[in-house]
Amino acid sequence: MVSGQARLAICAWLATLAAASALLPLVTPASWLLQAAFVLGVQSGVGAVARRIPLAGVLTVALQALVTLLLLTFVFARESAFAGLFPGPEAFTHFGTLLTEGADDVSRFAIPAPVTEGIRLLLIGGVLVIGLLVDALAVTYRSAAPAGLPLLALYSVAAGLAQGGARWLWFLCAAVGYLLLLLAEGRDRLSQWGRVFGGAGTGRRTGAYGPALGGPAVAPVRTGRRIGAAALGLALLVPALLPSLGGGLLDPAGRGGPGSGGGGTVSAINPLVALQDSLNQPENRTVLTYETDAASSQDLYMRIIALDQFDGTAWKPSERRIQDVPPLLPPVPGLSPGVSTRKVTTRIAAAGWYEQDWLPMPYPAQQVKIDGRWRFEPESRGLVGVRGQNTRGAQYVVESLQVRPTAEQLAGAPRPPQQLLDEYTEVPESLPETVEERARSVTDGMANGYEQALALQEWFAREGGFRYDTEVKAGSGSAAITRFLEQKEGFCVHFAFSMAAMSRTLGIPARVAVGFQPGAPAGDGTVQVGLQDAHAWPELYFEGVGWTRFEPTPSRGSTPGYAQPDLPEPDEDAGALPEPTETVRPSARPTAPDECPAELRRTGECGEDDPAVGAAPPEDGFPWQKALITALVALVVLVVPLLPLMWRIRARARRLGPAAERLGPGGQMLAAWRELLDSGWDYGIAPAESATPRRAVERIVSAGELGPAPAEAAGRVADAVERVLYAPRPLPASSGLAEDVRRVRAGLRASAGRGGRARALLLPRSAIRVMWAVAGCWGVAGQRLRGAALRVASRQRA
């Protein structure tokens, strides 16, 4: 049969893996979990063997940590280790490099990320650290309840990063694993106490001091299952009833719940960071696939949302009212009948992994045919999902307009309505005056808003000396705009935010649109839009034309015809979709400069143009000494505060558990007496070594404000100790002595305040005995060393 301790170790292993399963949606493939399960099993097995010897708890945990380090070395750094197993400086350098690469990969890849070597080390190493903590607390120190903290930390990390609607499944796995651990501990404790309850459900309970009240006996394990099931049910039910936080690129919170019809408001977070992550993906995963009857797809930007509010800290979307999607969307704001338009139909399919609350579609849309729970936001003419609806696997048809104003129409645009001017030309006081001064300097001599917009676009795209770089620190506030205008390097959001802010200082209504560039033909009549096509661009308002796209980002996107007044109007046939052989999709391998297509050159992915490709690692290598010191400091900070708690748990189990039986009757009673004194000491009642047992108990009862039952239990312990100390012959140990000590401890806890209970648990005063023991050992060792030195000296003299 499996012993209780072995069963507890297996449950700790299962609970850790159950919590780690919440990490599965974050990466692909899931084979890393099998490796983690194997190494974690070895770690648990080493702990079981060490406890069987038995070793002290601290030594058991240290041995498990050492074996775990050896296993990680074998798996990840055996080429740099001695005999492929024992880590040295080179192995720790390799670990540091992998950890750095893993952190970089986590920040670069979209979910689900590929399991690179660095990410695999982060995943497996993190699970092993959590597993070691769980095994130490639940098995080595026999306290399963605190083991829920590292399990909760592991699940929280996964839940905070994961996206999608299946989070409840991973929570269920983690919760079941933790409850299984608690039940295993409860069963193990009952097996140590013996059979307390008799009968099959109709007998009477018999305690240590006589029969208790009659009635059906309730098995503790069954009660534990009921409590666990009730707690799990509440944990699943309460989050479903309370408002929840949204996830994904845009926050779905606050859109009107079920039964809200078309009402409610919509708000979204700034997608700046998500956009930068998309641009830095090494693999251009397909997000959208579409077919269109447009003569050219170069102007078919897939717009998601407009950021129309600038508060000096960030550009973000305003909170807007939403409504049911009408069969035909309202007329385009500001568009007059005199402007040339062409109706375009586009059939779009979103990838099965792409989860977005706002629907990407061409602007301005006239009609949208889509199934699901979608609502219409009139100001940005966008569709947003409600009650969990998103774009994952969505298929829809959009009828939109291609607006083709002339330069004369834009230059002669009348003054916009005052309300629109007030809202879309507002700039925060934190925006430095230098931004407006630079805008007026660039547009000096321009006769109207259209010419000013063209001058700003040309200055950013060609004349100002700006450089496109997706690695530049993201930012959209006033400080970020000022820094960008000074350093002149950034990516699309910097160009779009800066041009929109400068346009507002000139009195031109402006906002920023976020979405995707048109993509590239796939060869089967469809066009594919990838993650690397994520883009941001400014939209400026001209009365009679409406919101108008400009393209200030160099080497990205396409400049619309109306923004090229000096060039001839493009011929419709000339803009037809190119043949598939004319476009090369991004490759994972670097391409020679003369063979690299323009699409890869502008994103900096051509082999010799990218200084990071093939670059040799720094000669100095990873500073492993600093990493080891940092890890040691972190370990000390985390573990040292828990040492008193661990020592008290271990000491209590040794004094009151089966191990005390090996001390004989007298030793068992004295161990229980020492635990009674230390329990009082933990709650502020310092022991008086010169006091008699009866006097010491009276002091504990009085100072601890114990009730009748704990006071009687303390008296029984004192009587037993006095018989051991003063009786002619040792008396047999009382079977209820340990239980009496537990009753006294429970009474002390009940009478103590919240602060006293916390201190007794985390900083028990009796833990000073460890320091006394260490000091005693040190003194004995010093005396022996001095004696040995004197003997050596005497021999030399002789």
Candidates R483, R462, filtered to the one that is within 36 Å of the chain's Cα centre (by Cα) and among the basic types (K, R): R483
Index of the failed condition, Y354 passing every other in (1) closer than 15 Å to G515 by Cα; (2) open to solvent by less than 10 Å² (accessible area, probe 1.4 Å); (3) of a type in the set (S, T, Y): (2)
Those helices (runs of 4 or more DSSP H) lying entirely in the range 78-174 with at least 3 residues modelled with pLDDT under 85: 89-108, 148-161
Candidate set: the range 1-13, residues that are over 18 Å from V42 (Cβ atoms) and in a helix (DSSP H, G or I); chosen: the one modelled with the lowest pLDDT: G4
Residue within the range 48-58 that is of a type in the set (D, E, K, R) and open to solvent by 30 Å² or more (accessible area, probe 1.4 Å) present: yes
Qualifying helices (runs of 4 or more DSSP H) (wholly inside the range 731-798; at least 3 residues being surrounded by 10 or more Cβ atoms within 10 Å (Cβ to Cβ) and in contact (Cβ under 8 Å) with a residue 24 or more places away in the chain): 737-751, 754-762
Residues of the range 520-556 that turn out to be in a loop (DSSP other than H, G, I, E, B), modelled with pLDDT under 90 and not hydroxyl-bearing (S, T, Y), as a count: 6
Condition met for T341 (modelled with pLDDT of 85 or more and either polar (S, T, N, Q) or under 23 Å from W374 (Cβ atoms) (or both)): yes
Residues satisfying the stated conditions in the range 73-97, i.e. open to solvent by 30 Å² or more (accessible area, probe 1.4 Å), among the hydrophobic types (A, V, I, L, M, F, W, C) and in contact (Cβ under 8 Å) with a residue 24 or more places away in the chain: V75, F92
Filtered residues of the range 494-512 (kept if hydrophobic (A, V, I, L, M, F, W, C) and surrounded by 23 or more Cβ atoms within 10 Å (Cβ to Cβ)): F495, A496, F497, M499, A500, A501, M502, I508, A510, V512
Within the range 14-30, considering residues that are assigned to a helix (DSSP H, G or I) and surrounded by fewer than 22 Cβ atoms within 10 Å (Cβ to Cβ), the one farthest from the chain's Cα centre (by Cα): L14
Restricting the range 290-309 to residues that are open to solvent by 20 Å² or more (accessible area, probe 1.4 Å) and in a strand (DSSP E or B), the residue that is farthest from F516 (Cα to Cα): Q309
Scan of the range 482-493 for residues that are in a helix (DSSP H, G or I) and open to solvent by 10 Å² or more (accessible area, probe 1.4 Å), ordered by number: T482, R483, L485, E486, Q487
Sole exception among (1) closer than 24 Å to A773 by Cα; (2) modelled with pLDDT of 80 or more; (3) open to solvent by less than 20 Å² (accessible area, probe 1.4 Å) for R654, by number: (3)
Any chance F74 is within 19 Å of L121 (Cβ to Cβ), among the aromatic types (F, W, Y) and more than 27 Å from the chain's Cα centre (by Cα): yes
The range 675-727, subset farther than 21 Å from S766 by Cα and charged (D, E, K, R), residue surrounded by the most Cβ atoms within 10 Å (Cβ to Cβ): R716
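The values are calculated or read from the model by the stated rules, or taken from the named source; none is laboratory data. As the structure is a computational prediction, the values presented were derived from the model and not from experiment. With ideal geometry, Cβ positions are generated from the backbone for all residues, glycine too; neighbour counts draw on all protein chains shown. When the accessible area is computed, the model is the full protein with side chains, heavy atoms only, and any ligands, DNA or RNA have been set aside. Shrake-Rupley method; radii C 1.70, N 1.55, O 1.52, S 1.80 Å.
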